[in-house]
Amino acid sequence: MYRIPMERKVLNENDRIAAELRQTYERNDTLCVNFISAPGSGKTALLERTLAGFDPSRRVAVLTGDIQTDNDARRLARYGFPVRQISTGGTCHLDARMVQRGLEGWPLESLEILFVENVGNLVCPTSYYLGEQARVVLLSVTEGEDKPLKYPATFFRADLMVLNKVDLLPYVPFDANLAHENARKVNPQIEIVSVSCTTGEGFDEWYRWLEAQRVPAGSIG
Ligand SMILES: Nc1nc2c(ncn2[C@@H]2O[C@H](COP(=O)(O)OP(=O)(O)O)[C@@H](O)[C@H]2O)c(=O)[nH]1
Ligand SMILES: [Mg+2]
């Protein structure tokens, strides 16, 4: 069918740009983290609380993607770090070119961490590599334990699953152990951190995971 070669061409072009981005990050010692989840799982809330806990001297920036509005950029800008909104105007995911444009004029050589909040969607963002060193998928306890099984590619390609909104566990029938099991069924290597962006529970572990990603491969032990 004609559709397949077209899609392949678009993805190849994306991968070419993503590889350039990756080289830039590595040259500058910047950790890029790509956040993927369904709308409302708490990507922006996680970033808000993460930025709030950082010392203002940290060299951290955020690109946040949405189909419409700059609401998330406005929420995130309150923490004093550079933030830019990418409005995709209808596209259900970020691609590497959007990220490249979003970074134009930013002094990347001085960034320790670049957070990229993808468009809320558990399908489309999965196929678009953005040059990131780490991919995080969020699942909140109101979404059901079966989501890793329903969207296996997204969980398979993630390095970490953040299980969010654990403050709501007393109020919703959600089996956290089963959610872990399902995530590990599709990706036995996936790491899992449980947090509440409302109470701050689990953030020590989240920060530890994040800082561990900054250690260059091969320098441990
Ligand atoms: N109870 C509770 N609500 C949360 C938590 N994290 C996010 N929320 C709420 O969930 C909604 C969606 O969060 P948002 O960060 O906008 O999700 P995003 O679409 O993934 O960026 C907001 O009303 C948040 O206040 C949490 O840990 N606990
Ligand atoms: Mg958001």
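All of the numbers you see were taken from the coordinates with simple rules; none came from a lab. Being a predicted model, the structure only gives us computed values, none of them experimental. Positions of Cβ are backbone-derived with ideal geometry, glycine not excepted, and every protein chain shown enters the neighbour counts.
For the reader, a short list of remarks on this structure follows.
- When LEU178, LEU139 are checked against the criterion of being under 22 Å from GLY202 (Cβ atoms) and in a helix (DSSP H, G or I), a single residue qualifies: LEU178.
- Selection within the range 142-159 - in a loop (DSSP other than H, G, I, E, B) and surrounded by fewer than 23 Cβ atoms within 10 Å (Cβ to Cβ): THR142, GLU143, GLY144, GLU145, ASP146, TYR151, ARG157, ASP159
- Residues satisfying the stated conditions in the range 169-219, i.e. hydroxyl-bearing (Ser, Thr, Tyr) and within 14 Å of ligand 1 (Cβ to nearest atom): TYR171, SER194, SER196, THR198, THR199
- Listed by position, the strands (runs of 3 or more DSSP E) inside the range 6-121 whose residues that are closer than 22 Å to PHE155 by Cα and within 16 Å of ligand 2 (Cβ to nearest atom) number at least 3 are 31-36, 60-66, 113-117.
- Any hit, the range 1-18, residues being farther than 25 Å from VAL123 by Cα, away from ligand 1 (no atom under 16 Å from the Cβ) and among the charged types (D, E, K, R): no
- Subset of the range 74-102 [more than 16 Å from ligand 1 (Cβ to nearest atom) and either among the basic types (Lys, Arg) or buried (at least 21 other Cβ atoms within 10 Å of the Cβ) (or both)]: ASP95, ALA96, ARG97, MET98, VAL99, ARG101
- Every residue from the range 67-101 that is in contact with a Cys (Cβ under 9 Å, 6 or more places away or on another chain) and of a type in the set (S, T, N, Q): THR91
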